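To start, the structure under review is shown below, and the notes come after it.
The values are calculated or read from the model by the stated rules, or taken from the named source; none is laboratory data. In this text, all values refer to a predicted model and were calculated from it rather than measured experimentally. Counting neighbours? That spans all protein chains shown, and the Cβs are built from the backbone with ideal geometry, glycine included.
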Amino acid sequence: MDPILEVRDLQTHFFTADGVVRAVDGVSFDVYEEEIVGIVGESGAGKSVAAKSIMRLVEDPGSIVGGEVRFKGETIVSFEEDENGERTESEEMLSNREMRERIRGREIAIIFQDPMESLNPVFTVGGQLREFIEINRDVGESRARETAVDMLREVGIPEPSERFGDYPHEFSGGMRQRVLIAMALACEPSLVIADEPTTALDVTVEGQILEQVADLQEKYGTSFIWVTHDMGVVAEICDRVNVMYLGQMAERADVDSLFHDTKHPYTDALLDSLPRPDQTVEELKPIVGVMPEAINPPPGCRFHTRCPDAREVCRRTNPEPRDVSGPDERTHRAACLKHEEVFKVDYSASAPIENETSAGFDVGRTSTDTGAVDADGGVHGSRGGADE
Amino acid sequence: MSDVSGPGEGASAGPDVAEEGDPLLRVEGLTKHFANDSGFLSWLNVERDADGVPVSVGREWVRAVEDVTFDIRRGETLGLVGESGCGKSTLARTVLRLVDPTEGDVYFEGDNLAALDGEALRRKRKDMQIIFQDPQSSLDPRMKVGPIVEEPMKAHGMLDDDGREERARELLERVGLDPQHYNRYPHAFSGGQRQRINLARALSVNPDFIVCDEPTSALDASIQAQVLNTMRRLQDEFGLTYLFISHDLSVIRHISDRVAVMYLGEIVELAGKEELYENPQHPYTKALLESIPVPDPRKSETRGVLEGDVPSPIEPPSGCRFRTRCPEFIAPEQYDLTPEEWANVRAFTRRVIRHGFEMTTRADLEAEFFTEARPGGAAGEALDRAFVLLERGEWDAAADHLRESFTEPSICAREQPAYEVDPEYGDDRHFCACHLQRDAEMTH
């Protein structure tokens, strides 16, 4: 079966006064029919930018500078290189107008974290939903209204025909997020991109919504890309997972093998740092240091400055995710040189390097020279004090 | 019930009377109500449909915190968990008297904070500090880190200039920052580091008690772990007592010794950490625990999803405040119903009250709600009446009728629950505000 969405080597950069922020720097993944694919990472990993790039919704000063995005035979992003190596957008790319009229809303829908940003406060909830359906499905007003009420009921809004005329501020946060889910599903798109849709919600409301999405996904056969920082949500809802770190993909696997047969030290460290609701953990094992700025990422593997398994070779080589699964196992990609037989490097012979993981025991200690992250965006000694 | 020696013996005035050790802080019947509106003439209500004079006088009150009683022992961490709007932050601020309580007392090291005033209260504040959630807005962007840390000492007249600087540098080091950071501005720090500055500032006056209001909620998972570990270490080093507030049950489980669960202004359950997580008794606590996504795909169980939304704290439900959403709402004693019959009646009643379906025909509704089990007798007659009203399109009358027949006579709507449960894990008292425990001993 072919994937419905293919993302290859996607690069989205932000051109700021202080330099180029490589928010997404060569990311590849697929989405197949009827699956929920997670993109997980900490803030600054580039997961939201990656999701927006698929919809070509990246705003100034950001732009997509490389890679390919193909969706059901259509080319959303593609580049050509001329003889000087200059990249230009290729001809086959959909025009902005085609994106607007054919793709967004109809084929790919997106749900954001803050529903108030997506709903207009001066129009009624029902009116906005009805208009959206009218435009995207080419139906008349009364037909659209019926569909809108049905969709509201479907996502669990009580008294949908009475609440149709309410304004967004009259809905609770969970209800608003349900409205957006109704809007996303109203045109029966093939793919829904959900960007941290439950992060701002209470845990019981989050539970209700995850449950509802799972039901609707089954009913409509929609594929989802679920962007989140919460490993619990990933475990709950995703079929396959992509783990991002500093603009790149660290690991990609089925949800079960990601949690139970983890192949990348970053994923491992992330899972170890979580307090658990289901068991008492005496001592948390945090990841040392902070994520470096994407404006000046460390050379080699981007995680090597915080990685407990880092060796000299990790400073020089930036691995792309490769399949490291054993025979008869499903594909499990990891971008880590410790799988030396796959990456054909001499990892074991390479000397372990000194980084913050080996620098004493107070892991809480965050030292100055490794780049206090300036809010003003100044460039600081990147934590790769190891830059060669 | 286990046969652990009953902790409920002796006089007890609340969910948590210290049976041992030395309570540092004791909160008794603490209540905080806010006026719902403020401003000139806000006490005037216009009622367009009223007979006679269409105005009435009186304010609406948001009952944010209602009759909360607990204590915190010296050196322990009490976790306070609840969803947004449950009143946990208001409770914390009322405990510290950052807002004045409507009723109730707060004893801190023997003194009643609720009765202190002016200078006496100000001096007392030296021993109680608070850390807020947002590490961005809790630090003055125009002050350097050193003076930020020194400010509380200055306010309380501690040490001289040099002494304060020395202590500030030492504290920066103790919270895991570099003493060289003394001359930097807050913007030069990441979220986790800013929270460390907040810790250093709180510690500067050598307090006994720190309220931590969602201190790690704005931080990434890996950074959160660093800060939580530091907070624990500092607790040992400085002999601190924490009231740790969070909506995150995983964090609460990690950091707390005992845990209180809050719903709509009240504490519904309070027990030792293991007891609360492994042997929860209140249906709300159970629902919360079932709702948390566990970071393990092999443990994703089906969960009991809570119905509906949290009711308004302006007119909270009578009796047990959780009863409008409770999956275990108790049947009124006057009806003799099987559990299946009662489950159907309960589901039907709630759906009618919420207008949760479109009126079709009575036969359809009977089929939807009562195929397997339909009560007869008085309960059946009450249902018949509701169907008649529904068929006439009188939704509100039907809802009122069902409320009168099935909701209001229940013990859950009539009496406020407060019970002691025998703990299965540890010896800490286990308080549970749920009438399912009504065979256990009442505490109020």
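So how many residues does the range A:206-236 have that are farther than 25 Å from A:V324 by Cβ and touching a strand residue (DSSP E or B) at 6+ places or on another chain (Cβ under 9 Å)?
Adding up the residues that qualify gives 8.
Please verify whether the range B:187-204 includes one or more residues that are modelled with pLDDT of 90 or more and surrounded by fewer than 20 Cβ atoms within 10 Å (Cβ to Cβ).
No.
Against the conditions (1) of a type outside the set (G, A, S); (2) within 12 Å of chain A (Cβ to nearest Cβ); (3) more than 27 Å from B:P317 (Cβ to Cβ), where does B:K286 fall short? Just the number, please.
Checking B:K286 against (1) of a type outside the set (G, A, S); (2) within 12 Å of chain A (Cβ to nearest Cβ); (3) more than 27 Å from B:P317 (Cβ to Cβ), the one that fails is (3).
Table: residues versus (1) more than 10 Å from chain B (Cβ to nearest Cβ); (2) out of contact with any helix residue (DSSP H, G or I) (no Cβ under 7 Å at 6 or more places or on another chain).
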site: A:L185; (1), (2): yes, no
site: A:S190; (1), (2): yes, yes
site: A:Y220; (1), (2): yes, no
site: A:T228; (1), (2): no, no
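Which of the residues belonging to the range B:114-126 are closer than 22 Å to B:Q235 by Cβ and either buried (at least 17 other Cβ atoms within 10 Å of the Cβ) or in contact with a helix residue (DSSP H, G or I) (Cβ under 6 Å, 6 or more places away or on another chain) (or both)?
B:R125, B:K126
Residues in the range A:75-83: is at least one surrounded by fewer than 21 Cβ atoms within 10 Å (Cβ to Cβ), in contact with a helix residue (DSSP H, G or I) (Cβ under 8 Å, 6 or more places away or on another chain) and in contact (Cβ under 8 Å) with a residue 24 or more places away in the chain?
no
Every residue in the range B:202-249 that is within 29 Å of B:L288 (Cα to Cα), assigned to a helix (DSSP H, G or I) and more than 14 Å from every other protein chain (Cβ to nearest Cβ), please.
Once the filter is applied, which keeps residues that are within 29 Å of B:L288 (Cα to Cα), assigned to a helix (DSSP H, G or I) and more than 14 Å from every other protein chain (Cβ to nearest Cβ), the range B:202-249 yields nothing.
Which one of A:M183, A:M151 is over 25 Å from A:D2 (Cβ atoms) and within 22 Å of the chain's Cα centre (by Cα)?
That would be A:M183, the only listed residue that is over 25 Å from A:D2 (Cβ atoms) and within 22 Å of the chain's Cα centre (by Cα).
Tell me whether the range B:325-334 contains one or more residues that are more than 10 Å from chain A (Cβ to nearest Cβ), over 17 Å from B:C432 (Cα atoms), part of a loop (DSSP other than H, G, I, E, B) and out of contact with any Ser or Thr (no Cβ under 9 Å at 6 or more places or on another chain).
Yes, some residue in the range B:325-334 is more than 10 Å from chain A (Cβ to nearest Cβ), over 17 Å from B:C432 (Cα atoms), part of a loop (DSSP other than H, G, I, E, B) and out of contact with any Ser or Thr (no Cβ under 9 Å at 6 or more places or on another chain).
Out of B:E341, B:E269, B:E274, which single residue is modelled with pLDDT of 90 or more, outside any loop (DSSP other than H, G, I, E, B) and in contact with a His (Cβ under 7 Å, 6 or more places away or on another chain)?
B:E269
Residues that are assigned to a loop (DSSP other than H, G, I, E, B), modelled with pLDDT of 90 or more, buried (at least 21 other Cβ atoms within 10 Å of the Cβ) and under 19 Å from the mean Cα position of the chain (by Cα): does the range B:300-320 have at least one?
Looking for residues that are assigned to a loop (DSSP other than H, G, I, E, B), modelled with pLDDT of 90 or more, buried (at least 21 other Cβ atoms within 10 Å of the Cβ) and under 19 Å from the mean Cα position of the chain (by Cα), one finds at least one in the range B:300-320, hence yes.
Given B:I210, B:I255, B:I245, B:I223, which one is of a type in the set (A, V, I, L, M, F, W, C), touching a helix residue (DSSP H, G or I) at 6+ places or on another chain (Cβ under 7 Å) and at pLDDT below 90?
B:I223
Among the residues that make up the range A:278-295, is at least one of them over 23 Å from the mean Cα position of the chain (by Cα), among the hydroxyl-bearing types (S, T, Y) and at pLDDT 80 or above?
yes
If we keep just the residues of the range A:331-346 that are assigned to a loop (DSSP other than H, G, I, E, B) and modelled with pLDDT under 90, which is surrounded by the most Cβ atoms within 10 Å (Cβ to Cβ)?
Of everything passing the filter in the range A:331-346, A:V345 is surrounded by the most Cβ atoms within 10 Å (Cβ to Cβ).
Exactly one condition in (1) within 13 Å of another protein chain (Cβ to nearest Cβ); (2) modelled with pLDDT under 90; (3) surrounded by fewer than 22 Cβ atoms within 10 Å (Cβ to Cβ) is false for B:P293; which is it?
The one condition B:P293 does not meet is (3).
Among the numbered criteria (1) over 21 Å from B:N344 (Cα atoms); (2) aromatic (F, W, Y); (3) free of Cβ contacts under 8 Å to residues at least 12 places away in the same chain, which one does B:F431 miss?
In the conditions (1) over 21 Å from B:N344 (Cα atoms); (2) aromatic (F, W, Y); (3) free of Cβ contacts under 8 Å to residues at least 12 places away in the same chain, B:F431 misses (3) alone.
How many of the residues making up the range B:344-367 are outside any loop (DSSP other than H, G, I, E, B) and more than 21 Å from B:T324 (Cα to Cα)?
6
Select from the range B:327-358 the residues that are farther than 15 Å from B:L383 by Cβ and free of Cβ contacts under 8 Å to residues at least 40 places away in the same chain and write down the one among them that is nearest to the chain's Cα centre (by Cα).
Within the range B:327-358, the match that is nearest to the chain's Cα centre (by Cα) is B:G356.
Got a sec? Which of B:L171, B:L159 is farther than 26 Å from B:L243 by Cβ and either in contact (Cβ under 8 Å) with a residue 40 or more places away in the chain or more than 10 Å from chain A (Cβ to nearest Cβ) (or both)?
B:L159
Of all residues in the range A:114-139, how many are assigned to a loop (DSSP other than H, G, I, E, B) and either under 22 Å from A:P197 (Cα atoms) or modelled with pLDDT of 90 or more (or both)?
7
I'd like the residue in the range A:259-286 that is within 8 Å of chain B (Cβ to nearest Cβ), closer than 21 Å to A:N242 by Cα and touching a Pro at 6+ places or on another chain (Cβ under 9 Å) and, out of all such residues, is surrounded by the fewest Cβ atoms within 10 Å (Cβ to Cβ).
Taking the candidates together, the pick is A:H260.
When A:E159 is evaluated against the numbered criteria (1) away from chain B (no Cβ under 14 Å); (2) at pLDDT below 90; (3) surrounded by fewer than 19 Cβ atoms within 10 Å (Cβ to Cβ), which criterion, by number, is the only one it fails?
(1)
Of everything in the range B:132-166, what is touching a Pro at 6+ places or on another chain (Cβ under 7 Å), part of a loop (DSSP other than H, G, I, E, B) and surrounded by 13 or more Cβ atoms within 10 Å (Cβ to Cβ)? Give them in sequence order.
B:Q133, B:L139
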